[in-house]
Amino acid sequence: MAQISPKLLIPESFQVSRDDITGQLGLIWELIKTPLIVPLLQLGVYICLAMSLMLFMERVYMGIVIILVKLFWKKPEKRYKFELIQDDVELGSSNFPVVYKISIGAACGLSWPSDRLVIQVLDDSTDPAIKLMVEQECQRWASKGINITYQIRENRTGYKAGALKEGLKRSYVKHCEYVAIFDADFRPEPDFLRRSIPFLVNNPDIALVQARWRFVNADECLLTRMQEMSLDYHFTVEQEVGSATHAFFGFNGTAGIWRIAAINEAGGWKDRTTVEDMDLAVRASLRGWKFVYLGDLQVKSELPSTFKAFRFQQHRWSCGPANLFRKMVWEIIQNKKVKFWKKVYVIYSFFFVRKIIAHMVTFCFYCVVLPLTILIPEVWVPIWGAVYIPSVITILNSVGTPRSIHLLFYWILFENVMSLHRTKATFIGLL
């Protein structure tokens with residue numbers, strides 16, 4: 001019995017040749033293709049074309065505005081009251097969540113009166129060895145006369161938002177007027193405060209001054225070059241346009257200075273999404289506060305150089321805004337302090353097109369629908385939607401990093417690869 005072929009154990013009524021199965025599947029496919037598959041795929045094409053047009057018009061609008069900003073708009077120093085601060089001017093202190101040697105050293109090297117500066121190191125690490133090293137580094141700078149405080153928490157509730165909220169509760173922070181925030185891998189130049197604080201001192205309606213990120217490891221590998229292209233467009237175009245036209249943009253979570261009174265009025269730091277920085281920015285803007293972006297003020301930083309770290313970052317950056325949009329869209333609509341066109345900009349341009357449509361159209365159209373139309377030629381796709389619009393969008397995305405324009409082909413593949421992950425994260429946030 002052990003030598004009997006498994007085929008002999010199958011009843012003859014269930015034995016169908018491979019050709020018969022293929023033929024039956026082909027017949028079923030022909031029966032459902034014309035009345036069902038073709039109309040559904042054509043509908044998908046129309047939906048994706050509509051999303052592509054929305055993204056295209058957004059990119060063209062941003063391109064036109066940034067050209068006008070560069071040619072005719074006044075620089076932030078001319079649009080707002082700006083006076084260089086002298087050493088004898090009485091000012092509030094600043095609060096710096098910074099971590100470990102290079103970043104701590106950069107914060108301690110800021111050009112500012114030492115009696116008006118508090119450096120606060122918020123350490124959320126769970127490794128005792130790392131905690132010891134960070135604490136020793138803080139003690140080393142304290143021994144040099146720097147007003148630096150090492151702060152740890154009992155738990156990691158709320159992650160970064162929880163750490164920032166905890167940091168602002170300290171008694172010595174009550175005497176501070178402004179808080180400058182730097183992540184662990186950010187290194188401000190010594191003149192950072194002198195170039196940014198005057199906007200807050202001389203303009204009481206400004207809540208936030210955001211600096212641009214400059215990537216010191218952009219040439220480390222192809223992954224970092226691709227990230228540089230995407231982020232340079234964000235800083236060169238999106239942040240600049242938002243600042244110049246509506247005095248609003250999303251806080252990048254680091255390399256920026258907040259007015260503490262604005263943070264408190266907006267309700268403080270909240271951990272309800274993975275983008276606590278954007279959450280605070282939207283809430284502060286709805287209360288009438290203005291933001292200023294300084295593209296000329298750059299802070300050194302590092303990009304994730306491993307795919308695992310980058311993938312985790314992109315999940316947060318895609319899921320968080322979609323989740324925040326779902327939670328705040330009605331609040332934005334009902335707000336009485338914000339002008340109508342600013343509401344349109346925040347809801348449609350800032351959230352809907354850039355944070356939702358941009359991810360979905362990349363995956364749905366370029367990775368799913370277009371490849372399927374090759375297999376089903378009955379579905380019609382206009383050449384302007386398949387070629388011209390994607391080409392213009394791609395070219396406009398490259399303006400922020402002209403040195404990498406020869407890498408556009410790789411950037412397209414890179415963005416398509418990441419689109420599934422971002423789309424999934426976007427749906428998670430929306431639902």
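Some points to look at:
- Distance between modelled label sites at Ile64 and Cys367, nm, 7 Å Cα→Cβ extension: 3.2
- Shape class of the range 70-306 from the Cα gyration tensor (axes a ≥ b ≥ c, square roots of the eigenvalues): rounded, since a/c falls below 1.5.
- Counting 0.36 nm for each residue step from Asn147 to Phe312 and taking away their Cα separation leaves a gain of 55.9 nm.
- Cβ-Cβ FRET estimate between Thr394 and Lys174, R0 fixed at 56 Å, reported to 0.05: 0.65
- Seen from Glu58, the other residues with C-beta closer than 11 Å to its C-beta sum to a net charge of +1, counting Lys and Arg as +1 and Asp and Glu as -1.
- Overall form of the range 251-387 per C-alpha gyration tensor (a/c, 1.5; a/b vs b/c): prolate
- Each principal axis of the Cα cloud of the chain was evaluated for its coordinate range; sorted largest first, these ranges are 95, 64, 44 Å.
- For Lys343, neighbours were defined as the other residues whose beta-carbon sits under 12 Å from its Cβ, and their charges (Lys and Arg +1, Asp and Glu -1) total +3.
- Förster-model FRET efficiency, 56 Å R0, Lys343 and Asp20, C-beta, rounded to 0.05: 0.35
- Residues in the chain average 50 Å² of solvent-accessible surface per residue, probe 1.4 Å, ligands and nucleic acids excluded.
- What a 1.4 Å probe finds exposed on the chain is 62% carbon and sulfur by accessible area, rounded to a whole percent.
- For the chain, the residue among Met418, Val369, Tyr345 whose Cα projects farthest onto the positive side of the dipole built from Cβ charges is Tyr345.
The values are calculated or read from the model by the stated rules, or taken from the named source; none is laboratory data. Since we're looking at a predicted model, the values are computed, not measured. In this analysis, Cβ positions are derived from the backbone assuming ideal geometry, glycine residues included, and neighbour counts consider all displayed protein chains. SASA here: full protein model, heavy atoms, side chains in, ligands and nucleic acids out. Shrake-Rupley method; radii C 1.70, N 1.55, O 1.52, S 1.80 Å.
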